[in-house]
Amino acid sequence: MDSEHWRAVITAAQAGDRRALDELVAGWLPLVYNIVGRALNGHADVDDVVQETMLRAVGNLGSLRDPDSFRSWLVAIAMRQIRDRARRRTPDRLEEAPASDFADLTVLRLQLEGQRREVAEAVRWLDDEDRQLLSLWWLEVAGELTRRELAAAVGITRQHAAVRVQRMKERLETSRGIVRALDGACPGLRELTGRWDGRPDSVWRKRLARHIRGCGYCGGTRETVVPAERLLVGIALVPLPVGFTLSLAFGGKTAVAAASAATSAGWSAKLLGALTKPAVAVTAGATIVAGGAYVVTQPPDAPPPRAAIAPTAAATSEPPRSSAPSAPAPTPKPSPSATKKADPYGTVVDAVDRAPDPDTRPAALPRRPESGITSTGGPKAVMQHRGDRVTLTGRGYVLVRWQISPGSRPGALVMPSWTGLKGRLFHVASGGSRRMDDPLPGAPNGYATGMGGPDIGYAVLPPGTQQMWQNEYFYLDGTVTLTQNERGCDYGLIVFPSDRDAVVRDINEGPAEGALRYGLVRDTGTDSAPVPQYVTRETPADPATVPQRSRV
């Protein structure tokens, strides 16, 4: 929420700019809809609670002192409305069924399968309080909220939030076991559920859980159970129903009538155009349109989008990365290596690669001209938070050191991005004596690799991303800005201007010095050397939106 773009939009909306207000409502409505929808599991009151949340946010926008706190402020309003709705329910409304089960919406609209589907369906078995907390935790794991924002929304400390989340996760795992057992063929379970009406509640959750604990058939899993947080990484927001925004703003009128009312009310043509189209949510390069259809969006000449898939539970030394396609896509153009002549300056883009043998010495690092690099962050720029950035200028080598902390917060890594490039930028070597997914013998605090471990969770790369090493080296001839885009998993970057001699020393410090492996030279010595992922000659309002594997 520290994006300069949204800060400007919120400030303009507070000053009375109607277009900015339109953009604010349209941009944040999906987040509110997902929080309320999951907390109420699609109950008929969802529309009313979302509407009240947005109306209160718009009406009190002037009281918001810090635009950077808008997201946590908005989420807190949504949670208050959810709790108020629970207090207002009369006894005759307690047994109402959901108008449209949000678990089903999640499964159908996001095309969830296997254990991801199981997690979504297990939500039905949670009590109201747990479901409210899960609506926030789900978005935290998906990278939409931070733990600090989750705690603020619930009105508790981060330490208390950690305890509450852990207890909720335990009940969620119990509920997953129930979903799994009900999909099975246990004769004892069929007899037990003979008088069950099919509606999940806490009484039947306890009965079924008790049966599963004592049943060899139901309790014996036939596949490794993946922790829920690793399954939820990268899952998009559930798209808004078509016409939902218009109904929200104009009291449930039809799209045509609402559009007419909106025009009379002075809403901008830009927002009207967005409201009369199907609502969308974006994940892993694919735009999911309300109703379940897919539209592929990608930069020119980019490879096909990939589906976001978390590591399997079998991951030990290396959380695996999937290359399964998520949706039909146009056939990509041949890679530069397959053409007779590669276009210079950035047509070769890093891709997923295998780790070399640890004892393989690196090739010789080609010599490139050096006159030195200046950095707006000084000789050591430490970037720990989303939005931190450093601009580098000159001709020479740059070291980017990774510090990944899934022990603080696991989940999807929103990768850093290189923007505003003027000149040339190449990825020339990898070092630090280890890849971040190398096993860590005797590693403390639950880490199996630098990417995390089964006890603490993993940092999960976007599909198609090259695994980073502890130290990554780049060669710059010009100027470029590197932005830290932390949003899901906790990570930090340290950026040092360097030189060729330091690079050579680092990559040749291999196992003989007690390290895990030698480094790797990527530089070809020509303009066909790899360029970093997420690099562009433009400067977007939010660098986190730089497309996956974008072209210069």
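The values are calculated or read from the model by the stated rules, or taken from the named source; none is laboratory data. As the structure is a prediction and not an experimental result, all values here were calculated from the model. Cβ atoms come from the backbone with ideal geometry, glycine included; neighbour counts cover every protein chain shown. The area values use the complete protein model at the heavy-atom level, side chains included, leaving out ligands, DNA and RNA. Shrake-Rupley method; radii C 1.70, N 1.55, O 1.52, S 1.80 Å.
General observations
- Among the residues of segment 18-27, those that are within 21 Å of the chain's Cα centre (by Cα) and open to solvent by 20 Å² or more (accessible area, probe 1.4 Å) comprise A26, G27.
- Tally, over segment 356-382, of residues that are open to solvent by 40 Å² or more (accessible area, probe 1.4 Å) and among the hydrophobic types (A, V, I, L, M, F, W, C): 3
- A residue that is touching a Phe, Trp or Tyr at 6+ places or on another chain (Cβ under 9 Å) and charged (D, E, K, R) occurs nowhere in segment 186-195.
- The residues of segment 433-454 include none that are out of contact with any strand residue (DSSP E or B) (no Cβ under 8 Å at 6 or more places or on another chain) and among the acidic types (D, E).
- Evaluating D130 against the criteria (1) of a type in the set (D, E, K, R); (2) in a helix (DSSP H, G or I); (3) at pLDDT below 85 leaves one unmet condition, (3).
- Residue within segment 478-494 that is touching a residue at least 60 places away in the same chain (Cβ under 8 Å) and closer than 25 Å to D357 by Cβ present: no
- Some residue of segment 409-427 being part of a loop (DSSP other than H, G, I, E, B) and out of contact with any Phe, Trp or Tyr (no Cβ under 8 Å at 6 or more places or on another chain): yes
- Counting only strands (runs of 3 or more DSSP E) that sit wholly inside segment 452-524, those with at least 2 residues that are open to solvent by 10 Å² or more (accessible area, probe 1.4 Å) and modelled with pLDDT of 90 or more are 469-483, 491-498.
- Residue check for G396: open to solvent by less than 20 Å² (accessible area, probe 1.4 Å), over 29 Å from W138 (Cβ atoms) and either modelled with pLDDT of 95 or more or of a type in the set (S, T, N, Q) (or both): yes
- Among the conditions (1) touching a strand residue (DSSP E or B) at 6+ places or on another chain (Cβ under 8 Å); (2) more than 24 Å from R549 (Cα to Cα), the only one that N508 does not satisfy is (1).
- Listing of helices (runs of 4 or more DSSP H) fully contained in segment 176-250 that carry 1 or more residues being more than 27 Å from G453 (Cβ to Cβ) and modelled with pLDDT of 80 or more: 187-192, 202-213, 216-219
- Segment 53-76, residues that are surrounded by fewer than 16 Cβ atoms within 10 Å (Cβ to Cβ), of a type in the set (K, R) and part of a helix (DSSP H, G or I): R56
- Here P30 meets each of (1) at pLDDT below 90; (2) open to solvent by 50 Å² or more (accessible area, probe 1.4 Å); (3) under 25 Å from L232 (Cα atoms) with one exception, condition (2).
- Count of segment 357-388 residues which are under 32 Å from the mean Cα position of the chain (by Cα) and of a type in the set (A, V, I, L, M, F, W, C): 3
- Of all residues in segment 399-432, those that are in contact with a strand residue (DSSP E or B) (Cβ under 7 Å, 6 or more places away or on another chain) and under 23 Å from L516 (Cβ atoms) total 16.
- Looking only at segment 480-521, and only at residues there that are of a type in the set (G, A, S) and out of contact with any Leu (no Cβ under 8 Å at 6 or more places or on another chain), the one that is nearest to R367 (Cα to Cα): G519
- Restricting the first member to segment 151-169 and to residues that are polar (S, T, N, Q), and the second to residues that are in a helix (DSSP H, G or I), the beta-carbon pairs closer than 8 Å and six or more apart or on different chains are T157/A151.
- Each residue in segment 539-552 was checked for being open to solvent by 50 Å² or more (accessible area, probe 1.4 Å), β-branched (V, I, T), assigned to a loop (DSSP other than H, G, I, E, B) and out of contact with any Lys or Arg (no Cβ under 8 Å at 6 or more places or on another chain), and 1 pass.
- Some residue of segment 527-538 being buried (at least 23 other Cβ atoms within 10 Å of the Cβ) and modelled with pLDDT under 85: no
- Single residue of segment 428-445 satisfying the filter (of a type in the set (D, E, K, R) and part of a loop (DSSP other than H, G, I, E, B)) that is surrounded by the most Cβ atoms within 10 Å (Cβ to Cβ): D437
- Filter result for R549 (of a type in the set (K, R) and under 26 Å from R487 (Cα atoms)): yes
- On inspection, A448 qualifies as open to solvent by 10 Å² or more (accessible area, probe 1.4 Å), over 19 Å from the mean Cα position of the chain (by Cα) and of a type in the set (A, V, I, L, M).
- Of the residues making up segment 134-146, not a single one is aromatic (F, W, Y), more than 23 Å from L232 (Cα to Cα) and either at pLDDT 85 or above or in a loop (DSSP other than H, G, I, E, B) (or both).
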